[in-house]
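Before any comments, here is the structure.
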Amino acid sequence: MSNFLVNNAWLLPFCPLLGALVAAAGGKQLKERAHYPVVVGIFAAFLVSLGLLLSAGPEPTTVVYDWLEVSGLHVPIEFRIDGLTTMMLSMVTFVSTLVAIFASGYMAGDPAYPRFFACVGLFVFCMTGLVLSNNYVLTYAFWEGVGTCSYLLVGFWHAKPSAAAAAKKAFLVNRVGDFGFAIALFWLWTVSVNHDLSYGNVLSEGNLSQIPHATIVGIAFLLFWAATAKSAQVPLYVWLPDAMEGPTPVSALIHAATMVTAGVYLIARSSPLFALAPEITLLIACIGCLTAFLSGAIAFTQTDLKRVLAYSTVSQLGYMFMGLGAAVGEATRFAVAAAMFHLFTHAFFKALLFLGSGSVMHSMGGVLDMRRFRGLRHRMPKTFLTFTVGALALAGIFPFAGFWSKDDILAALKMASHHSHNSGGVYSLIYWVAVLTALMTAFYTGRAYFLTFFGPEKLPSPDDPEAVAEAAHDDHGHGHGADDHGHGHSHEIGLESPPVMTIPLMVLAVCAALVGIAFGPLTGLFEHHLDKSLGFEHLPHFEHHSYDWATAIVGTLVGVIGLVASYLLYGNPSPVPAKLARALKPLYLASYNKFWVDELYVVLFVKPVRILGSVLAFLDRFLVHGALVRGTAWIPRLVGRDLLAPLQNGLVQFYAAVTALGLAGLLWIILLLT
């Protein structure tokens, strides 16, 4: 049975692709049932992924067909079924199934309902293909496919200027990272044995041992460059918070299960290569630390519930990169496993939180400004209870999922500070910044949670001062105005979401509560499964590692302190937050304005590029098109119409005279030659 599943692993990406094609082709006939083929296709892929879990090993691969063979570059459609692959596939397909079910209720009534689900199915197809790929070139192809699908989904409501701008921003920023990936591919091709870019060949000890250290460092840097864009790290993180302009289920897909995990996966997949470049792993840890702290500081003051969660995603991705960056010395295998375990648990509780925010938005008529609603726990008990689980998991409170994976990363950083020969002090500093970031995470999570569900009940009203500002802002296409959908909801404001939306929340809440216990350090199932991945058996490993309870206690304490502080400030209306904002006005404004990073990018990059584009457009219009193209066309016209055309005047005597002159000229030439 296992061989049958491995040989037919192509069914896993094919099922969501088939669902997407059916939804796209039969959208007019299916109408409000267009989600059926996509949900069924993704769920079928999940069932196949469960079967592949039992078939995982470092070696099993299957070739579907030969895709590309040019100038010595041979790229088959070949899938690898190992521990890392099957873990990612199970998570992606399971969470995507629940998101698609939720979306069938959330998107009900949207005029582009079939198009939405076709894009979702295509998105899952590209992500599963990326994870299954056994070749860097094939991974790159699906990598670009994921980016294209994110563009289509973030800009799904393309008539809304802010959504269209966010989609373009996501697409262009990711192109910057993809450029690094492309250069890495060309470089790998030149140094790999037989120009074979399959993972088995590139990451083999025989191949890596023949590559000069400087080349390994360069390739590792380029792959990390690619990952910084896909997984939203400094300086290429700016696209992800704006990606919330798409429908909320899209935010759950992008932020939790699919696109942003691709960069983390790429580095983890290439960990045998990164293990030989400690300079780059230290850089990864530093960038992850900076990203986690910066985005956490921004999340402190945001008033949009989805935007808080968006910056939380950036921060948690920074945690994953800190884990990957801690892969030095004997901490290598444990650190990579810790980063991937946080990716695994984060998918469940972040999908839960985003879908929970979507449930709140659905109930509030599209409003997500936390200043315009409050005390929703009685009106929305199911959303409240499930959101509570997600918030506790994100805050890292025992025994929820985030507690186990976050503390594994802290333990990995502590191990790296002991096992790194030259950078122990840097890793120790990163560890304490990570602890501080955990405190910040608990605080801004609690702030969003208490502002939404606690205190006196308040529902959105057109008389809110924030509503006036939001409406004025929305005139320019940047606000959420009346509705996330771009059209009014048909339900009454303040009602709990329907079962099709709350049931996925309950399932995700159970996962967010239990996956850490079931797969974490108490059982070791996740780490043992990851050991079945290609190249992991050769990674350095500290055999006698025991659970670091001291780090766990520190992580729990800062999480509790953060939640208690947020409750004291936001559990009930209080003048203290406003007083603190006035007392710390420069810091408050810096956080609220996202440290003006977007404005800085506009000055440094956007405006210069636009000026350059204007100059090039001028040169193209007047030099290339004007002088060269039109000038080239003008020469035949000059010769033909202005010089030769007058000679064709239809007068016989003129032709006779010209003939006589021509004959005389020929005779004169002959006389000269003789």
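The values are calculated or read from the model by the stated rules, or taken from the named source; none is laboratory data. In this text the structure is predicted, and so the values were computed from the model without any measurement. When we count neighbours, we look across all protein chains shown, and the Cβ atoms used for this are built from the backbone with ideal geometry, even at glycine.
Whether any residue in segment 63-76 is within 30 Å of Ala509 (Cα to Cα), of a type outside the set (A, V, I, L, M) and within 27 Å of the chain's Cα centre (by Cα) is what I want to check. Even if it seems obvious, please write down each step before you answer.
From segment 63-76, those within 30 Å of Ala509 (Cα to Cα) are none; that's our starting set.
Within segment 63-76, not a single residue is within 30 Å of Ala509 (Cα to Cα), of a type outside the set (A, V, I, L, M) and within 27 Å of the chain's Cα centre (by Cα).
Does segment 462-469 include one or more residues that are in contact with a helix residue (DSSP H, G or I) (Cβ under 8 Å, 6 or more places away or on another chain), closer than 30 Å to Ile493 by Cβ and part of a helix (DSSP H, G or I)? Explain how you work it out, then say what you get.
If we filter segment 462-469 for residues that are in contact with a helix residue (DSSP H, G or I) (Cβ under 8 Å, 6 or more places away or on another chain), which is where we start, we get none.
There is no residue in segment 462-469 that is in contact with a helix residue (DSSP H, G or I) (Cβ under 8 Å, 6 or more places away or on another chain), closer than 30 Å to Ile493 by Cβ and part of a helix (DSSP H, G or I).
Assess whether Ala182 counts as being of a type outside the set (D, E, K, R), outside any helix (DSSP H, G or I), in contact (Cβ under 8 Å) with a residue 12 or more places away in the chain and surrounded by fewer than 17 Cβ atoms within 10 Å (Cβ to Cβ). Can you show your working first?
On the way: of a type outside the set (D, E, K, R): yes; outside any helix (DSSP H, G or I): no; in contact (Cβ under 8 Å) with a residue 12 or more places away in the chain: yes; surrounded by fewer than 17 Cβ atoms within 10 Å (Cβ to Cβ): yes.
Here the answer is no, as Ala182 does not meet what is asked.
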Filtering helices (runs of 4 or more DSSP H) wholly in segment 267-386 for at least 3 residues that are modelled with pLDDT under 95 and over 29 Å from Gly571 (Cα atoms) gives 332-363
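Results for (1) closer than 20 Å to Phe142 by Cα; (2) buried (at least 19 other Cβ atoms within 10 Å of the Cβ); (3) of a type outside the set (A, V, I, L, M), shown as yes or no for each residue.
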residue	(1), (2), (3)
Phe4	no, no, yes
Ala9	yes, yes, no
Cys15	yes, yes, yes
Ala23	no, yes, no
Gly41	yes, yes, yes
Val48	yes, yes, no
Val63	yes, no, no
In segment 519-543, anything among the acidic types (Asp, Glu), touching a residue at least 40 places away in the same chain (Cβ under 8 Å) and in a loop (DSSP other than H, G, I, E, B) is listed as Asp531
The condition of being under 20 Å from the mean Cα position of the chain (by Cα) and of a type outside the set (Ser, Thr, Tyr) holds, among Leu309, Leu283, Leu273, only for Leu309
Note: among Ala442, Ala411, just one is within 15 Å of Met322 (Cβ to Cβ) and in contact with a helix residue (DSSP H, G or I) (Cβ under 8 Å, 6 or more places away or on another chain), namely Ala411
Note on segment 57-97: residues at pLDDT 85 or above and closer than 14 Å to Leu530 by Cα are Arg80, Ile81, Asp82, Gly83, Leu84, Thr85, Thr86, Met87, Met88, Leu89, Ser90, Met91
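If the requirement is being modelled with pLDDT of 95 or more and buried (at least 24 other Cβ atoms within 10 Å of the Cβ), which of these qualifies: Ala227, Ala252, Ala214, Ala243?
On the way: Ala252 fails: modelled with pLDDT of 95 or more; Ala214 fails: buried (at least 24 other Cβ atoms within 10 Å of the Cβ); Ala243 fails: modelled with pLDDT of 95 or more.
Among Ala227, Ala252, Ala214, Ala243, only Ala227 is modelled with pLDDT of 95 or more and buried (at least 24 other Cβ atoms within 10 Å of the Cβ).
Only one residue in Ala118, Ala108 is part of a helix (DSSP H, G or I) and of a type in the set (A, V, I, L, M), so which one is that?
On the way: Ala108 fails: part of a helix (DSSP H, G or I).
Exactly one of Ala118, Ala108 is part of a helix (DSSP H, G or I) and of a type in the set (A, V, I, L, M), namely Ala118.
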Yes or no: Ser150 among the hydroxyl-bearing types (Ser, Thr, Tyr) and either part of a loop (DSSP other than H, G, I, E, B) or crowded, with 23+ Cβ neighbours inside 10 Å (or both)?
yes
Result of the Cβ filter at 6 Å on segment 81-101, keeping first residues that are more than 13 Å from Val124 (Cβ to Cβ) and touching a residue at least 40 places away in the same chain (Cβ under 8 Å) and partners that are of a type in the set (S, T, N, Q) and assigned to a loop (DSSP other than H, G, I, E, B), at least 6 apart or interchain, is Ile81/Ser55; Asp82/Ser533; Gly83/Ser533; Leu84/Ser533
All conditions in (1) farther than 26 Å from Tyr106 by Cβ; (2) modelled with pLDDT under 95; (3) not in a loop (DSSP other than H, G, I, E, B) are true of Gln29 except (1)
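Only one of Arg371, Arg379 is surrounded by fewer than 24 Cβ atoms within 10 Å (Cβ to Cβ), over 30 Å from Leu539 (Cβ atoms) and in contact with a Gly (Cβ under 9 Å, 6 or more places away or on another chain). Can you tell me which?
Numbers: Arg371 fails: in contact with a Gly (Cβ under 9 Å, 6 or more places away or on another chain).
Criteria check complete, one pass: Arg379.
Can we say Ser546 is out of contact with any helix residue (DSSP H, G or I) (no Cβ under 9 Å at 6 or more places or on another chain), small (Gly, Ala, Ser) and not in a helix (DSSP H, G or I)?
Details: out of contact with any helix residue (DSSP H, G or I) (no Cβ under 9 Å at 6 or more places or on another chain): yes; small (Gly, Ala, Ser): yes; not in a helix (DSSP H, G or I): yes.
The answer is yes for Ser546.
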Next item on the list: Test Thr258 against the criterion of being among the polar types (S, T, N, Q), more than 27 Å from Tyr588 (Cα to Cα) and within 18 Å of the chain's Cα centre (by Cα), and give yes or no.
Entry: yes
Taking segment 159-179 and the residues there that are charged (D, E, K, R) and more than 9 Å from Asp242 (Cβ to Cβ), the one that is surrounded by the most Cβ atoms within 10 Å (Cβ to Cβ) would be Lys160
